[in-house]
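Beneath this line is the structure, given in structure tokens, with notes to follow.
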Amino acid sequence: MVMHDKTMLRLALLTSIVGVAMLFAYSEKFVVNEQTISRLDELPEGQEVDVTGVVLRVTDLDTVLFMEIAEEKVERVTVVLFKDRNVTVSEGDFVRVVGSLEEYEGKPEILANRLELK
Amino acid sequence: MIEILLAVLLGILAGIITGLIPGIHVNLVSAILLSLSGFFLGFVDVVTLSVFIISMAVIHTFLDTIPSIYLGAPDTESAMGVLPGHRMLLQGRGYEAIKLTVIGSYGSLLFVIVLAPVLVFLMSTVQPILQPWIGWILLSIVVWMTLKEKKRMLAAFLFLLSGALGLTVLNLGVKQPLFPMLSGLFGLSTMLISLNEKVNIPPQKIRAGLPLQKRQMFASVGVAGFVGSLVGFFPGVGPAQAAVIGSQFLRGGNKNFLILVGGLSTANMVASMVTFYTLDKARNGAIVAVRVLLEEIALGQFVLFLIVALIAGSAGVVLTLFFARRFAFWLQKVKYAWLCLFVIVLILVLVPVISGWLGVAVLVVSTATGMIAPLTNVSRSQAMGCLLLPVILWFLL
């Protein structure tokens, strides 16, 4: 069976437009940020992330600091920072975290290697 | 020393596997290796493991054109080479097409290594100046590319449609999203159209000599080396987008374009080592792995990596031509329709394994989108909107 070019084009256009619309409806969020862009470089997990947000909860242990921060879109993420010197962060602080994205017990977690108080 | 040489050799072997099998990307292997690094580091040090990764990544950029051109199953880096390469295959000149990409790869490898000190300087001075302009530069290239088309409205529509596809796919949370998207846009769509036209692969000519104009060849290698390194400075812009940019500056048809496509991925890979050394940024999976292992790169290590790249690249020339000859010989023995069906089935099996079932949906929609350009006689570069539009928006917004 040989399909006529015009039929093929119509079919391709229809599938493409309807398909993009359906995928769009399926995607939970629609943003262009550093993480979207880093996917273009096909960076694997453990990729570098850079997030800014308000600190919601702090658990300060001797050598390690755990934080819950809410990003501007109010998405929560756990941040773990192994301390090499004394660091003080309080709830309500606005921080920027640069680190790598890891998975811990099935949830994403940022292993911070830089923390900036804004 | 023996450890290092052994790592180069093993890297070359691994690169042959990742390069020849469609869908297996260096990044995937690097990520696996990184997760197993605790085990490996019991036997070897971080530098040896990094040497292995770099050797694999460089040889991959040579060999990945074989599945792209012979099978139409591309990696991100060589996606733009599918069409001209595949066209040459159907004229019995598949081997010649591969050879052109090898010339590009090796030429630009030498280009980047020789100019490494200049690149280190350029990167630290030019990058901050260019960074705010890169979105506008990319946008002007897209506008220029669209104005050159005969059917401008259609070309613009296809660019935007592909761009919408790219933006959606990047937001879907699919693993390795580029594999199903680019396989559909540039690979499967080509196969389906060829199947419908009932084309056959003619006997492949394997000629030792290759007539080339020296000036044009050097121009292509130079553009590949320069643009390939330049895009390495910026996030989100890789060899695929560079091929669209570079092709706007090149004349002389398929031959030069294939030299360019071959050269861009190798130049980009080697230049990403320079980016790591000067800007402390990793722009691809292999370098991410090396950066995690090493944390910091010293000048001595940087030079060692350049030497490793040179050794792996030299082996790449011999190995790519060897496999290209072998495959050209085998290809004549199979019917093209069967080959196409084999690749379609292979991609259909690999996509759910690598990207999950949602990846299959991405593959179907991307294939349909990829068929629009050849069916309407619009340039296929417009489909690169899937990678260009998200980057342009990110830089401009």
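In table form, for the structure just shown:
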{"read-out": "Some residue of the range B:158-169 being over 30 Å from residue A:14 (Cβ atoms) and either among the hydrophobic types (A, V, I, L, M, F, W, C) or modelled with pLDDT of 85 or more (or both)", "value": "no"}
{"read-out": "Some residue of the range B:111-119 being within 30 Å of residue A:24 (Cα to Cα), surrounded by 17 or more Cβ atoms within 10 Å (Cβ to Cβ) and of a type outside the set (Asp, Glu)", "value": "no"}
{"read-out": "Residue within the range B:188-206 that is more than 9 Å from chain A (Cβ to nearest Cβ), part of a helix (DSSP H, G or I) and charged (D, E, K, R) present", "value": "no"}
{"read-out": "Single unsatisfied condition, residue B:322 versus (1) more than 23 Å from residue B:29 (Cα to Cα); (2) within 21 Å of the chain's Cα centre (by Cα); (3) touching a residue at least 12 places away in the same chain (Cβ under 8 Å)", "value": "(3)"}
{"read-out": "Near pairs, Cβ below 6 angstrom, 6+ apart or cross-chain, from the range B:20-47 (part of a loop (DSSP other than H, G, I, E, B)) to any residue that is modelled with pLDDT of 80 or more and among the hydrophobic types (A, V, I, L, M, F, W, C)", "value": "B:23/B:179; B:23/B:350; B:23/B:354"}
{"read-out": "Residue in the range B:252-292 that is farthest from residue B:45 (Cα to Cα), counting only those that are outside any helix (DSSP H, G or I) and of a type in the set (Gly, Ala, Ser)", "value": "B:252"}
{"read-out": "Some residue of the range A:29-37 being over 11 Å from the mean Cα position of the chain (by Cα), at pLDDT 75 or above and surrounded by fewer than 19 Cβ atoms within 10 Å (Cβ to Cβ)", "value": "no"}
{"read-out": "Helices (runs of 4 or more DSSP H) fully within the range B:72-177 counting 3 or more residues that are over 30 Å from residue B:338 (Cβ atoms) and touching a residue at least 24 places away in the same chain (Cβ under 8 Å)", "value": "B:94-114, B:116-130, B:134-147, B:152-170"}
{"read-out": "Among (1) away from chain A (no Cβ under 11 Å); (2) under 24 Å from residue B:70 (Cβ atoms) - the single one residue B:268 does not satisfy", "value": "(1)"}
{"read-out": "Residues of the range B:28-43 that turn out to be of a type outside the set (Phe, Trp, Tyr), surrounded by 16 or more Cβ atoms within 10 Å (Cβ to Cβ) and more than 14 Å from chain A (Cβ to nearest Cβ), as a count", "value": "0"}
{"read-out": "The range A:53-81, subset within 18 Å of the chain's Cα centre (by Cα) and not in a strand (DSSP E or B), residue modelled with the highest pLDDT", "value": "A:75"}
{"read-out": "Test: residue in the range A:4-26 that is facing chain B (nearest Cβ under 7 Å), buried (at least 18 other Cβ atoms within 10 Å of the Cβ), at pLDDT 75 or above and under 20 Å from the mean Cα position of the chain (by Cα)", "value": "yes"}
{"read-out": "Odd one out for residue A:46, checked against (1) modelled with pLDDT of 70 or more; (2) closer than 30 Å to residue B:232 by Cα; (3) among the small types (Gly, Ala, Ser)", "value": "(1)"}
{"read-out": "Which listed residue, of B:373, B:368, B:361, B:383, is within 19 Å of the chain's Cα centre (by Cα) and either modelled with pLDDT of 85 or more or within 12 Å of chain A (Cβ to nearest Cβ) (or both)", "value": "B:383"}
{"read-out": "Selection count, the range B:207-224, where residues are assigned to a helix (DSSP H, G or I), surrounded by fewer than 24 Cβ atoms within 10 Å (Cβ to Cβ) and not hydrophobic (A, V, I, L, M, F, W, C)", "value": "4"}
{"read-out": "Total residues in the range B:1-11, condition of a type in the set (A, V, I, L, M) and buried (at least 20 other Cβ atoms within 10 Å of the Cβ)", "value": "2"}
{"read-out": "All positions within the range B:229-243 that are in a helix (DSSP H, G or I) and within 14 Å of chain A (Cβ to nearest Cβ)", "value": "B:231, B:239, B:240, B:241, B:242"}
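The values are calculated or read from the model by the stated rules, or taken from the named source; none is laboratory data. The shown structure was predicted, so the numbers you read here are calculated from the model rather than taken from an experiment. When we count neighbours, we look across all protein chains shown, and the Cβ atoms used for this are built from the backbone with ideal geometry, even at glycine.
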